[in-house]
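Taking it in order: structure first as structure tokens, then the write-up.
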Amino acid sequence: MPRFSVIVTAYNVQAYLTDCLRSVLTQTYDDLELIVVDDCSPDGCGAVADEFAAHEQRVTAVHLRENSGLGPARNAGLARATGDYVVFLDGDGTFVPGALQSLADRLKETGGPDVLVYDFDRTYWSGETVRNTFAAPLAEDGPASFQLSDRPNLLTYLITASNKAYRREFVERQGLTFPSGHHTDTAWTYPVLMTAESITTLDRVCTHHQQRRPGLSPTDRGHMDLFDQYDRVFAFVDERPALDRWRPVLHRRMLDHLAALVATDGPVSRGSRAEFFRRARAHHRRYRAPGAAGRSRSRRGHRLLRLGAHRTHHVLRTSRLLRERSGRVAATLLRAVRSGVLRLHYAVQRRLPVRADHAVFAAFGHRGYTSDPAAIERKVRELAPRLRTAWISHAAHQHSVPIGTRRLRPGTFAYWTAIARAKYLVSNADFDRRLVKRRRQILLQTHYGTPLRSPDIELPDRPEAAGDTDAGRLLADADRWDYSLSANRHSTLVQEKAYPSAGTTLEYGHPRNDIFQRATAGDVARLRRSLGIPEGFTAVLYAPANRDYRHSPHQPLDLERVVQSLGPRFVLLSRARHAYGTQVPYPPHPRVLDVSGHPSTETLCLASDALITDFSSLMFDYANLDRPIVVHCDDQEAAEAAQGTYFDLRSCPPGPVTHTQEELIDTFALGHWRGSRSARLRTAFRARFCPYDDGRAAERVVRHVFLGEQGGVPLPLPQEERSPAPPAP
């Protein structure tokens, strides 16, 4: 008897079915049977199911003689299930790596409940993946298992059958089956939750739900079936008097459900709304119960449904759309007027004298006080206190700007005044394209990091990664640079070729890395405590690079499996790149800490004991700490072909190189990640790419650019005389 029976129904999903079945069969937890139900699909779904069944004994292919719909197809799978727990998966959905292992662990922790509810995300045809936004009922605090009466807000969660694991004995004992029709999940989920004696939750994304393109979804007539499904739900309650207390809740949820459908444009067309409202009114009158009043935010929608007032609904909806359209027009006009006034203001400010004692700083995306510009700004306040500094950032990040530094928001009058009149402008990204550089202004470009992959300006012949890159604009920006900061000879050669300009290259090192030479053991311990790293644990920072040629996040590792394989005294710090946002798609193991939103990369480096990365320039910074680095590239050829690299990382790596998850785990298990060969590779890498990162890079920049002391710039310390911050004991 397997632990899980995974039932996949397939109808007109031949393009997705192979990926769906592979996502099941490649799970690290393999105590399962896979039942594929071909609902007499007219495409190749049946052939795909047979092919998998022929090569994998865990797969059973079931072919229905006629198309019967989702509900009966699932019932056909249930009739053949032998597992302890049953899990449903749509033929165009997929399991997240490690999903079944997470389900098995949670079921074991909670004593084998009747139902386990977990989370999902939506995957769109464009490749974008968005996690469900209504996951609050899945919080794992409180009792490990409970009944619906202990957490009735589960009924507000999405009514779907494919985000739950069901104990098969419970399903059979209650005689639960799927009805026919379009909204079969409604008549299945409510009875399941109401009759389950024990329920538990898992606050983790376990499945991807495929979202079809607009126009490919079922027609509005399919939503009329919703009334029949609620008839079945209330009939189920009629047969079980003990469930009668749920009538008010079900009535309210029914009205919520119906109101949500008519509130959007697609599901119920204008031609069928009159019928929809008539049926909604009849259902309200038939099933209303004391205590079923709607919440304040939905009360008007409930009232319209109860009255069957489709014309009033249409008038109110039209009025709302007109107000929104008028608001958008007014906002557009206001933006145009404000833009014109700002342009005039900037033109006036450019005719006023340049302020020799003002300096303006910014970092990539105006996200906050960070990177090389921040390190230079700190050193300016120390060595040149006569200068008045300002930092440009969005409002959400202005709290990161230190006291004593003026805060500027991009696009404001103060912003345009500052960049029009400040003598010094410093950034690690493109300057505002509307900036008109004045003769006495000095622009310092610090760049983002040591280049391993081709910079944006060299991507026009690589359309997969180029996106909307404007090479002409990048060159025009480079023409305004007075100084270009470089960390090493490699960076100098790449930058001068990629961005030919009349500016002076300052090969001084990365100021942001000064902290690696200045931090103490006490600083490291404090930073580790702030991140929640337990004392005595080995912290490994996992920081992969963006995959610019992909629309969705690249997930090469099952972080839960990796951290379990490394051992009980390891912690993984997972840092997702900014291009995909700060939200981690799958909140994993308790020893996997999501640090994607942490504002300081330097803090994460200091707090960790080792780094796992791929094509990220972070490896060049991390090498200054002289701590182990493992390069994990599972798609090296694809990444190199899409964006290109300046040298073969395999010829000069900072540590061991792995290509599969198993190789990575073995590298740690066998100790190669911190062995003698790893140390030799790291030493050679540091000598090549970190010659100036001695803790005084910011001082060199400030003395040259801001103080004009070219002759007083300190020489870099030899590698053997440097003392990087010690790792945690």
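The values are calculated or read from the model by the stated rules, or taken from the named source; none is laboratory data. Everything numeric in this text was worked out from a predicted model, so none of it was measured. Here the Cβ is made from the backbone with ideal geometry for all residues, glycine too, and neighbour counts use every protein chain on show.
On inspection, His63 passes the criterion of being at pLDDT 95 or above and either closer than 19 Å to Val117 by Cβ or not assigned by TED's automatic domain parsing to the domain that holds Pro556 (or both). Restricting Gln174, Gln211 to residues that are under 25 Å from Ala259 (Cα atoms) and not charged (D, E, K, R) narrows the list to Gln211. Among the residues of the range 468-482 satisfying the criterion of being surrounded by fewer than 19 Cβ atoms within 10 Å (Cβ to Cβ) and at pLDDT 80 or above, which is nearest to Phe685 (Cα to Cα)? For the range 468-482, the residue satisfying everything is Asp482.
Results for (1) closer than 30 Å to Phe413 by Cα; (2) in contact with a Cys (Cβ under 7 Å, 6 or more places away or on another chain); (3) surrounded by fewer than 12 Cβ atoms within 10 Å (Cβ to Cβ); (4) at pLDDT 85 or above, shown as yes or no for each residue.
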{"residue": "Pro267", "(1), (2), (3), (4)": "no, no, no, no"}
{"residue": "Tyr287", "(1), (2), (3), (4)": "no, no, no, yes"}
{"residue": "Arg303", "(1), (2), (3), (4)": "no, no, no, no"}
{"residue": "Glu324", "(1), (2), (3), (4)": "yes, no, yes, no"}
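Here Ala525 meets the list (1) part of a loop (DSSP other than H, G, I, E, B); (2) modelled with pLDDT of 90 or more; (3) surrounded by fewer than 20 Cβ atoms within 10 Å (Cβ to Cβ) almost entirely, failing just condition (1).
Would the range 330-339 turn up any residue that is touching a helix residue (DSSP H, G or I) at 6+ places or on another chain (Cβ under 9 Å) and at pLDDT 90 or above? No, that holds for no residue.
Of the residues making up the range 395-439, those that are over 28 Å from Gly509 (Cβ atoms) and part of a loop (DSSP other than H, G, I, E, B) are Arg409, Pro410, Gly411, Thr412, Arg433, Arg434, Val436, Arg438, Arg439.
Among the helices (runs of 4 or more DSSP H) confined to the range 647-729, the ones with at least 2 residues that are in contact with a Ser or Thr (Cβ under 9 Å, 6 or more places away or on another chain) and without any contact (Cβ under 8 Å) to a residue 40 or more places away in the chain are located at 661-669.
Restricted to the range 142-192, and to residues there that are small (Gly, Ala, Ser) and under 28 Å from Ala76 (Cβ atoms), the residue that is surrounded by the fewest Cβ atoms within 10 Å (Cβ to Cβ) is Gly175. Of all residue pairs spaced 6 or more apart or on separate chains, those with beta-carbon atoms under 8 Å, a first member in the range 169-185 that is at positive phi and a second member that is among the polar types (S, T, N, Q) are Gly181/Gln229.
One residue alone among Glu140, Glu197 is modelled with pLDDT of 85 or more and among the acidic types (Asp, Glu), and that residue is Glu197. A single member of Asp256, Asp231 is within 23 Å of Asp185 (Cβ to Cβ), touching a Gly at 6+ places or on another chain (Cβ under 8 Å) and at pLDDT 80 or above, and it is Asp256.
Would a scan of the range 621-630 turn up a residue that is in a loop (DSSP other than H, G, I, E, B) and modelled with pLDDT under 80? No, that holds for no residue.
For every residue, the table says whether it meets (1) surrounded by fewer than 19 Cβ atoms within 10 Å (Cβ to Cβ); (2) touching a helix residue (DSSP H, G or I) at 6+ places or on another chain (Cβ under 7 Å); (3) of a type in the set (Phe, Trp, Tyr); (4) closer than 16 Å to Pro353 by Cα.
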| position | (1), (2), (3), (4) |
| --- | --- |
| Ile392 | no, yes, no, no |
| Arg407 | yes, yes, no, no |
| Pro410 | yes, yes, no, no |
| Phe413 | yes, yes, yes, no |
| Ala418 | no, no, no, yes |
| Asp432 | yes, yes, no, no |
| Gln441 | no, no, no, yes |
| His447 | no, yes, no, no |
